[in-house]
Amino acid sequence: MAALQTLPADTSTEAILAATDRDGACIIEGALGRDELSRIDHEIAPFVARAPLGRDDFTGRQTARIGALVARSRACCDVVMNEMILGAASAFLKPYCSRIQLHLTQLIRILPGQGAQPLHRDRLAWADTCRPRSSRSSIRCGP
């Protein structure tokens, strides 16, 4: 596996796309400042404190997940609307769609002793939109 390229926060969308095309992803160092990270920590901390651990080996018995971050934290909402992040996501997906929609915002807290989750696709997340609900319905993906 190739190492991911680390790019500075002022990187152009073109450079982000080039790294993503080449390596599958990239790291944007300093994309969020200390104040933004502090706001996220403060707003999400109560949810992290009471998040249950996984109940099986797949979800991780030493792993907690907190979803709906944009509904729980204004700071998280600001992150998903960050011009650099949204611009790179839009440019990356533009050849494949007319618009993008955020599906999930989630914090995953992996505690000591938790093994790696098996590699998988989140196919079941799309069960209601990309598979027929009955034999009479047609497949519908998107609007």
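The table for this structure:
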{"read-out": "Gap separating the Cα centres of the range 22-55 and the range 85-114, nearest whole Å", "value": "13"}
{"read-out": "Mean projected area (nm²) of the alpha-carbon convex hull when the range 72-123 is viewed from all directions", "value": "5.7"}
{"read-out": "Distance in nm between pseudo-label sites at residue 51 and residue 22 (7 Å out along the Cβ direction from Cα)", "value": "3.3"}
{"read-out": "Projected label distance in nm at residue 100 and residue 78, using a 7 Å step from Cα toward the beta-carbon", "value": "2.1"}
{"read-out": "Two-site FRET efficiency, residue 12 against residue 108, from Cβ-Cβ distance with R₀ of 41 Å, rounded to 0.05", "value": "0.85"}
{"read-out": "Amide H within-cut-off set for residue 73, under 5 Å, with H built and near neighbours excluded", "value": "none"}
{"read-out": "Lys/Arg +1, Asp/Glu -1 at C-beta; the range 54-99 dipole; positive extreme among 66, 79, 92", "value": "66"}
{"read-out": "Spacing of the two label points (7 Å from each Cα toward its C-beta) at residue 91 and residue 121, in nm", "value": "2.8"}
{"read-out": "Cα shape, the range 33-113, gyration tensor, a/c 1.5 rule", "value": "oblate"}
{"read-out": "Phi-based couplings in Hz for the range 33-48 (Karplus 6.51, -1.76, 1.60; Gly and Pro marked x)", "value": "x, 4, 5, 5, 5, 5, 4, 4, 4, 5, 6, 9, 3, x, 6, 5"}
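Each reported figure results from applying straightforward, stated rules to the coordinates on display, with no laboratory input. Since the model is a prediction, treat every value here as computed from it, not as a measurement. Using ideal geometry, Cβ is built from the backbone for each residue, glycine included, and neighbour counts are taken over all protein chains shown.
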